[in-house]
Structures are given as C-alpha cells and as structure tokens.
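*Asks:* Got a structure for you, written out below as structure tokens; questions coming shortly.
The values are calculated or read from the model by the stated rules, or taken from the named source; none is laboratory data. Bear in mind that the values here come from a model prediction, so they are computed numbers and not experimental data. Heads up, the Cβs are rebuilt from the backbone with ideal geometry, glycines too, and the neighbour counts pull from every protein chain shown. All accessible areas refer to the heavy atoms of the entire protein, side chains included, with ligands and DNA or RNA removed. Shrake-Rupley method; radii C 1.70, N 1.55, O 1.52, S 1.80 Å.
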Amino acid sequence: MKQGNEFWEFLINEFKSRYVVFEFKNYSEKIKQTQIYTTEKYLFQTALRNVGFIISRMGASTNAIKSAKGVLRETGKLIVNLTDYDLKEMLNMKDSGSEPSDYLFSIVDKFLLELEK
C-alpha cells in the first residue's frame, strides 16, 4: 500500500497490513458467509496481508456481515464489503475533486463502531 493517505496509513498502522486483497463477486444476490471465509483464507498476517475487500453487486447478507465481524474479533483480519453503489459513489467523489478513500474510511469506521464483543 502506498503511504501518504490517511485511510491507507490507517490500514498499515492499525491492521499491520502492507498489502490488500481485492475479491470481486459477480453474484445476483447478496454474498453469503461462505464468501467471507473464502476471502479470509487469502489473508495472512506473516505476509502483511490482513485486509481484504469484497466487491459484490448486492452487498453482504446479515450472516456474512456477522462472519466478517467474527473474523475481525478472532483473527484481527479486516474484511470490508463494498457494493456497486459504493464504487459509483467513490467515482462521483473523484470526479468532484473529493477523496474517495474518505468514503472507504467511513465504511470501515462504521463497521468498527458496530463491532461487539
């Protein structure tokens, strides 16, 4: 990951991750918890890969979100779910001169704030 951006530096410092996994799911329905666990297998602390993004058309099911929270609590690996809508919003931000990573930061911040024990 490139330094010099608050969001990416946050991932480097707080999640000890120098590399990010991006996985794209072209499913017509929300992804299920199985996809969370599949992505989690690609994340590996020793290789400095503790963060992954799953980009899907419809987002994640309730159980998939619970699974992503469980993965974070148990292993410290962050899996962020993004949708087509999120990608469009970030493109619009870029076009208007805003920083798209601010949008990512708000998604991660919300995810962390909602994390229960």
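*Asks:* Quick check: anything in segment 34-42 more than 15 Å from the chain's Cα centre (by Cα) and closer than 15 Å to residue 76 by Cα?
*Replies:* Looking through segment 34-42, none of the residues is more than 15 Å from the chain's Cα centre (by Cα) and closer than 15 Å to residue 76 by Cα.
*Asks:* Continuing with this model, one more query. Out of everything in segment 38-57 that is of a type in the set (A, V, I, L, M) and at pLDDT below 95, what residue ends up being most open to solvent (accessible area, probe 1.4 Å)?
*Replies:* Residue satisfying both the conditions and the ranking: 48.
*Asks:* May I ask you to verify whether residue 15 is open to solvent by 30 Å² or more (accessible area, probe 1.4 Å), of a type in the set (A, V, I, L, M, F, W, C), touching a residue at least 24 places away in the same chain (Cβ under 8 Å) and touching a strand residue (DSSP E or B) at 6+ places or on another chain (Cβ under 9 Å)?
*Replies:* Criteria not met by residue 15.
*Asks:* Those residues that are buried (at least 19 other Cβ atoms within 10 Å of the Cβ) and among the β-branched types (Val, Ile, Thr), I need them from segment 70-86; list them, please.
*Replies:* Answer for segment 70-86, where residues must be buried (at least 19 other Cβ atoms within 10 Å of the Cβ) and among the β-branched types (Val, Ile, Thr): 71, 79, 80.
*Asks:* What are the pairs with Cβ atoms under 8 angstrom where one residue, in segment 19-47, is free of Cβ contacts under 8 Å to residues at least 24 places away in the same chain and the other, located anywhere, is among the small types (Gly, Ala, Ser)? Sequence gap at least six, or different chains.
*Replies:* 42/52
*Asks:* How do the pairs read when you match residues in segment 76-101 that are touching a residue at least 60 places away in the same chain (Cβ under 8 Å) and more than 23 Å from residue 14 (Cβ to Cβ) with residues anywhere that are surrounded by fewer than 18 Cβ atoms within 10 Å (Cβ to Cβ) and of a type in the set (Val, Ile, Thr), using Cβ under 8 Å and keeping only pairs 6 or more apart or on different chains?
*Replies:* That search, which allows pairs on different chains as well, returns nothing.
*Asks:* Is it the case, given these coordinates, that residue 4 is surrounded by fewer than 14 Cβ atoms within 10 Å (Cβ to Cβ) and at positive phi?
*Replies:* Yes.
*Asks:* Open to solvent by 80 Å² or more (accessible area, probe 1.4 Å) and over 16 Å from residue 6 (Cβ atoms): is that true of residue 67 in this structure?
*Replies:* So residue 67 does not fit the description; no.
*Asks:* Is at least one residue of segment 87-104 open to solvent by less than 20 Å² (accessible area, probe 1.4 Å) and in a loop (DSSP other than H, G, I, E, B)?
*Replies:* no
*Asks:* Taking into account only those residues within segment 105-117 that are in a loop (DSSP other than H, G, I, E, B) and more than 20 Å from residue 43 (Cα to Cα), which is modelled with the lowest pLDDT?
*Replies:* Step by step, filter segment 105-117, then rank; the result is 117.
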